[in-house]
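J.: Before I ask anything, let me first share the structure, which is written out below as structure tokens.
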Amino acid sequence: MARCVETASPILMHHLLHMSVFSQSFSPCGKFLAAGNNYGEIALFSLSAALGPDANELSQKPILTFTAHEGPVFSLLSTDSHLLSAGNGEISAWSWAELIKKCLCALPPSLRSSLEIPEINAMALNPADNSLAVGGGDNNVHIMDLENGAFKSVLQGHTDYIHCLSVRERASEVLSGGEDGAVRIWDTRTSQCVHCVEVYKYETCARPQHGKWISCLTTDSDWMLCGGGPSLSLWHLRSMSPTSVFPLSGCQRQATFYQDMILTVGEGQCVSHCLMGGEVKAQIPCTPHSINTLAINTNSTEHRVLTVGGSSDHIDVFTNLSYKAFSLRF
Amino acid sequence: MGAVTDDEVIRKRLLIDGDGAGDDRRINVLLKSFTKWCNSPATPEEGFTQHQRMHGTLAQCEFSMLKTLMVYDMNIREMENYEKIYSNIEENITSAHEKISECKKEIQRAKRIRKNRQEYDALAKVIQQHPDRHETLKQLEALDKELQQLSDIKENVDAKLELRKKQFHVLLSTIQELQQTLDKLPCHFPLDDDKLETDGNNQESPMENGE
């Protein structure tokens, strides 16, 4: 922020002050991080420069920033060769090779598809049949075939907009969680809803003071984590029963399974480490006051870091899970 | 290349000379005194003393030569020792690296095991909440028995009901027939007993016919 005081105008400072990072994605080689914010911009950071021995303040700034969409970029996803970004009703695909080379001057995205979806909140990749599940404001989940960009099917059933998606690879199913408080499990082959779990109806999880919406969903093929209005809870998918409820006070926005732990972020100013038994092992403080996204770089072994972004223009980077190493700045 | 080595040689010679100034000078002095002694027409005693003196210097030179030889041997042995230590340390380093990677693998395995254990625990918690299978089976058996008893009772009651129905049916039908036969026959007031008997006989035969 000191650099900004020196060089930036008050408008830029205002811009940075109100920035929120909504989504992140690592490149397939694991050396770059793309982050999307509420202004529709995507910034590309070089991890090898920021983590290298001669890193300085400049290496913590993006190597490339461009405006991808008019509205906020709520969701970013990386395939083997492309970066998919979702804006207001459109999905754009940017080639990673070209982004890394920074020749963005003459580049429209490789693919842009427009739909009548008012806002796209979540995207999930199903590698089994190379399809993309897209969930948004029209209460439906759309499945798009990545090879030709055409929409294969629509999964209807939610009564309110969809917050989050997850793919259960082993059983070829898509899980979706929405504002209506229901987690629905869809079979991708028959496009039918196999299960519908209304989390707020279970007494152990429900928190009526927060609401019934589900904003955080992730699955491990046998287990599922879901949270939001209701407390974050771990569910066993075969028996569809909640096994543990985590005593975290805020509403959780993103959670992930990592080795034997569960990492989760949400309304508090910290990353919570929890064990599957239901206890909160540690809460690591970070910069943003309210965190929207958490990502672990599994594509690279030497740059295996955890990054979190939220209601701040800083993206915290953790090289060791126990403490924050440094921050990347927009 | 030649210039460098020359410089090195010069430097080395200067160093040696600086230290062993005594030795070099001693050799030169010995040489000079030897030539002087060979060429001098001095008396035998002086010659003898000079000779002795030269032996002394020679002995000194030999002594210092031995010393340097021993130092040289010592240096060689030190070098060997250091080489050994060096290779030892290298081996230790490689084995430590291997141990580190082994330990890392162990950690991964242990984490996986811990994750599995936690999953078991979580499932066990859920399973505990459900009632025991033996108890449920016992309850089921008890219920079955009750059901059996109740159905037996029901059968008995049904059978009784059937029997009663049949009996009442028989009774009612006989009453009805009696009624009919009574209606058919004209009803005279029984003034004489003969008529009553004949009526009685007449009644009996239709009843026999009726049955």
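The values are calculated or read from the model by the stated rules, or taken from the named source; none is laboratory data. Here the structure is a predicted model, which means the values were calculated and not measured. Because the Cβ atoms are built from the backbone with ideal geometry, glycine has one as well, and the counts that use them run over all protein chains shown. Protein only, heavy atoms only, side chains kept; ligands, DNA and RNA dropped before computing areas. Shrake-Rupley method; radii C 1.70, N 1.55, O 1.52, S 1.80 Å.
J.: Which order do you get for A:H303, B:H55 if you rank them by accessible area with a 1.4 Å probe, largest at the top?
T.: Final ranking, largest accessible area leading: B:H55, A:H303.
J.: Also, I was wondering about something else. Write down the Å³ per residue value for the convex hull defined by the alpha carbon atoms of segment B:69-132.
T.: Roughly 65 Å³ of hull volume per residue.
J.: Rounded to the nearest 500 deg cm²/dmol, what is the calculated helix-only ellipticity per residue at 222 nm for the protein assembly as shown, with -39500 (n - 2.57) per DSSP H run of length n ≥ 4?
T.: Helix contribution divided over all residues of the protein assembly as shown: -14000 deg cm²/dmol.
J.: Going through the cross-link list A:K31/B:K105; A:K324/B:K105; A:K61/A:K324; B:K84/B:K105, which pairs have a Cα-Cα distance over 29 Å in this structure?
T.: B:K84/B:K105
J.: Over all residues in A:277-285, what is the mean tally of Cβ atoms on other chains that come within 10 Å of each residue's Cβ?
T.: 1
J.: Continuing with this model, one more query. Search the structure for amide H atoms under 5 Å from the amide H of A:I63, placed 1.01 Å from N in the peptide plane, and list their residues when 5 or more places away or on another chain.
T.: A:L44, A:F45, A:S46
J.: To the nearest 100 Å², how much accessible surface do chains A and B cover up together, summed over both, with a 1.4 Å probe?
T.: Counting both chains, the buried surface is close to 1200 Å².
J.: So, one more: Taking the Cα centre of segment A:11-111 as the origin and placing charges on Cβ (Lys, Arg +1; Asp, Glu -1), which of A:A55, A:C29, A:L17 is farthest toward the positive end of the dipole?
T.: Sorting the options by dipole projection puts first A:A55.
J.: Also: Please give the residues from segment B:104-126 for which the solvent-accessible area of heavy atoms, probe 1.4 Å, is smaller by at least 20 Å² with all protein chains in place than with the chain isolated.
T.: Correct list: B:Q108, B:K111, B:R114, B:K115, B:Q118, B:E119, B:A122, B:L123, B:K125, B:V126.
J.: Rank B:I113, B:I85, A:Q252 by how far each Cα sits towards the positive end of the charge dipole of the protein assembly as shown (+1 on Lys, Arg Cβ; -1 on Asp, Glu Cβ) and give me just the farthest.
T.: Final value for the positive-end residue is B:I85.
J.: Okay, moving on. Have a look at A:G157, B:Q129, A:T218 and report the one farthest towards the positive end of the charge dipole of the protein assembly as shown, computed about the Cα centre with Cβ charges (Lys/Arg +1, Asp/Glu -1).
T.: Selected residue: A:T218.
J.: Using only alpha-carbon positions, what ratio does the radius of gyration of chain A give when scaled by 2.2 N^0.38 Å?
T.: So chain A has a normalised radius of gyration of 0.96.
J.: While we're here: Which value, in debye to the nearest 20, describes the size of the charge dipole of segment A:191-261 about its Cα centre when Lys and Arg Cβ atoms bear +1, Asp and Glu Cβ atoms bear -1, and nothing else is charged?
T.: With only Lys, Arg, Asp and Glu charged at Cβ, the dipole is about 240 debye.
J.: Determine the shielding of peptide B:31-40 by partner chains: average, over its residues, the number of Cβ atoms on other chains within 10 angstrom of each Cβ.
T.: Shielding by partners across B:31-40 averages 0.
J.: From the P(r) of segment A:219-312, can you give the percent of Cα pairs sitting at distances over 23 Å?
T.: 22 percent
J.: How much of the accessible area of the protein assembly as shown, probe 1.4 Å, is carbon plus sulfur, in whole percent?
T.: Looking at the protein assembly as shown in its full context, I get 55 percent from C and S.
J.: Just counting partner chain Cβ atoms within 10 Å, what average do the residues of peptide A:250-259 show around their Cβ?
T.: Partner Cβ neighbours, averaged per residue: 1.
J.: Still on this structure, please answer the following. Once the other residues with Cβ under 13 Å from the Cβ of A:S311 are scored (Lys, Arg +1; Asp, Glu -1), what is the net sum?
T.: Taking every other residue near A:S311 into account, the sum is -2.
J.: Gain in length, B:Q60 to B:N81, computed as 0.36 nm per residue apart minus the alpha-carbon separation, to one decimal in nm?
T.: Additional length available on full extension: 4.4 nm.
J.: Magnitude of the Cβ-charge dipole of the protein assembly as shown, K/R +1 and D/E -1, about the Cα centre, nearest 20 debye?
T.: 3200 debye
J.: Of B:F48, A:F257, which has the most accessible area with a 1.4 Å probe, and how do the rest follow in descending order?
T.: Result, largest first: B:F48, A:F257.
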